[in-house]
1. Looking only at the range 191-243, count how many residues are buried (at least 20 other Cβ atoms within 10 Å of the Cβ) and of a type in the set (Val, Ile, Thr).
2. What single numbered condition from (1) farther than 23 Å from Gly91 by Cβ; (2) in contact (Cβ under 8 Å) with a residue 40 or more places away in the chain; (3) not assigned by TED's automatic domain parsing to the domain that holds Tyr61 fails to hold for Asn147?
3. Need the failing condition index for Gly205 against (1) in the same structural domain as Met83 (by TED's automatic domain parsing); (2) at positive phi, just the number.
4. Is it the case that some residue within the range 392-399 is of a type in the set (D, E, K, R), closer than 16 Å to Phe352 by Cβ, part of a helix (DSSP H, G or I) and over 34 Å from the mean Cα position of the chain (by Cα)?
5. Mind listing whichever residues of the range 322-340 are in a strand (DSSP E or B) and of a type in the set (Val, Ile, Thr)?
6. Which helices (runs of 4 or more DSSP H) does the range 400-478 wholly contain that include 2 or more residues that are in contact with a strand residue (DSSP E or B) (Cβ under 9 Å, 6 or more places away or on another chain) and in contact (Cβ under 8 Å) with a residue 12 or more places away in the chain?
7. Please count how many residues of the range 358-374 are closer than 16 Å to Leu469 by Cβ and of a type outside the set (Ser, Thr, Tyr).
8. Which is under 28 Å from Thr155 (Cβ atoms) and either of a type in the set (Val, Ile, Thr) or in contact (Cβ under 8 Å) with a residue 60 or more places away in the chain (or both), of Leu262, Leu249?
Amino acid sequence: MANLGIFLLCGVMLLGLLVLVILSGIRFIPNNRIGIVERRWSFGKGSVKSGLIAMNGEAGYQPQVLRGGLHYLLPIQYVVHTMSLVTISQGKIGYIFARDGRQLEPSQVLASNVTVQDFQDVESFMKNGGQRGPQRRILREGTYAINLVQFIVITEERVFSLPMSREENDVVLKMAEVIKERQGFRPVVIKDTDDMIGIVTVHDGPSLGQGEIIAKVVGDDPAVLGTYHNKFQDADHFLEAGGHRGRQLQVLVEGTYYINRLFATVEMIQKTIIEVGNVGVVVSYTGEAGEDLSGADYRHGELVSKGNRGVWSEPLLPGKYAFNTYAGKVTTVPTTNIILKWIRNQVGAHHFDENLAEVSLITKDAFEPNLPLSVVIHIDYQKAPLVIQRFGDIKRLVEQTLDPMVSAYFKNIGQTRTLIQLIQDRSVIQSQSSSEMKEKFAHYNLELEEVLIGTPASPAGDTQIETILTQLRSRQVAAEQVETYDRQEKAAVKERELREAQSRAQMQTKMTEAELDINIQSNQGKAEYQRSIQQAAQIRALAEAEAEKIARIGVAQALATEEQVRAYGGPQFQVTQQVLNRFSDAIQQSKVDVVPRIMVSSGGGEGSSASGSIMEALLTMLLSDRYASMASDASKTERSPEAETLRQQIMDNMKNKPSSGGDKPAAK
């Protein structure tokens, strides 16, 4: 019984162990992970003979992966390695490295993916000729269930892989570093505001032929099936279209490009910009050898059509060009006027004359001045390719051709003139040189616009020319002073003539005014004369009337006076009366006191008042003397005959005239 119990216990334990073994074959895979199956042994098929993936059920890593859920695999026979899904972030790129597949061709750097489109199907990859190594196709944004035994996925964040060995891991990490250095985890983005273009260098495919330095443009035509590589984003189609490794003639312009940087790298350069007033002459380093378009008479090089190797006959007009500067050179040629200055330390706007200096002359009188020059030239835009073909660039033309030619010309001019003539004939020399050198410039396909000559100057340390110029200036100042004095003298004469003319004009004005005044006064005089005649007649009439009136009054007064005289005692009394009247008027006008305020008597006592004052005595004496004198004169005076005659005429007139009342004349 004891043995039976032990036997039963062992059976139960074996049964339990068997159940555990059977149940251990159940595998659970989360939905965000995958299971990589490894087969440890296989009945009758053994192990994998070559490669890594067991395509025919051999022992080894199986091509299929287990997705999320429950799976049953025989325990002991299978091992499941749980790995995460491969996730590529938005705007990022993932690179694939295959551990198994066909070997690469000797000319291959990356594995071809022409027949392989899906890296999630390992079996299809292997059966369709997938190659081991880094793949040409890349992974874009998304999540992928990739067998990480067959493929290693390299992203910017991490490397997705089931590690096999340390050596392999080091190789993968180095590959990730190379991609990172080439900024391969992000697409190529060219902004339109940057005016940049991308120069592509392909690292896979057949090499360029002997003598070729750049690969020509191939395919990229959507209408031609199998050749459209979409700007190097489809490496297999690029190579199928005949593309070669090396720097490409085709460039990338504005846009976003998902390019495998293990297949091709991109270098950013500036666009070729031709500014207004310039053209660009293209010297192409690639293309076929074209027909010479310069003509049989032009022996300085060849011009070819656009796209051929050599100097293009048609220049680039102003604008922006996506020109690959590794495939050719663009030389900018100004089409505006170019000013070349033969003046040390002065440079024109185009900097073609930065190595030029004044022309050293030797004049006829053995002076050695330095002559500054400025030459204005123009290049026809259609002739710009000829100039570049002949000289290489404009600066070389200036320094190797124009400088010796212009210097020699003016050295010859300087030897035919003295220093004074060189200074004084500057305008003539300038005009002559502009005319004579036009043909020489035209020989080099240049148009000479103008030659400008400066003032000759002495070399450093030489003052002879300055001395001559100082003397000339002194002479000129003297000549100008003489001329000034002469003009001042003429001006003074003119000023005197002007003042005389002004005086004559003023006198003429006054004479005219005087004549007008005379005429006016003459007319006024005539009018006054007529008025005076009338007034004279009126006055005469009034005078006659007044005279008659006065005469009558005078005669009447005279008769009355005569009668008064006779009545009062004669002329003596009349005179005395007149004297007293006048004396009385004088005292009244002078306001003299008749009775003195201070009395002065001749003596004291009562008898002194009888004699009167001294003033009375004096007045009495004066009046007595005056009366006696006048009486004496009056007695002696007789009426003159003329007075008697006048008196008689007045009396006769009074008798003959009618009275004012209109009475008739009195009877005789």
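1. Summing the residues that are buried (at least 20 other Cβ atoms within 10 Å of the Cβ) and of a type in the set (Val, Ile, Thr) in the range 191-243 gives 5.
2. Checking Asn147 against (1) farther than 23 Å from Gly91 by Cβ; (2) in contact (Cβ under 8 Å) with a residue 40 or more places away in the chain; (3) not assigned by TED's automatic domain parsing to the domain that holds Tyr61, the one that fails is (3).
3. Every condition holds for Gly205 apart from (1).
4. If we filter the range 392-399 for residues that are of a type in the set (D, E, K, R), which is where we start, we get 393, 395-396, 399.
Add one more test, that the residue is closer than 16 Å to Phe352 by Cβ, and what stays is 393, 395-396, 399.
Checking which are part of a helix (DSSP H, G or I) leaves us with 395-396, 399.
Restricting the remaining residues to those that are over 34 Å from the mean Cα position of the chain (by Cα) gives none.
No, the range 392-399 contains no residue that is of a type in the set (D, E, K, R), closer than 16 Å to Phe352 by Cβ, part of a helix (DSSP H, G or I) and over 34 Å from the mean Cα position of the chain (by Cα).
5. Val330, Thr331, Thr332, Val333, Ile338, Ile339
6. It comes to 403-415, 426-436, 438-443.
7. To start, the set of residues in the range 358-374 that are closer than 16 Å to Leu469 by Cβ comprises 361, 363, 365, 367-372.
Cutting the leftovers down to of a type outside the set (Ser, Thr, Tyr) gives us 361, 365, 367-372.
Total meeting the criteria: 8.
8. Leu262
The values are calculated or read from the model by the stated rules, or taken from the named source; none is laboratory data. Just so it is clear, the structure is predicted and the values come from calculations on it, not from any experiment. We place every Cβ from the backbone using ideal geometry, glycine too, and count neighbours over all the protein chains shown.
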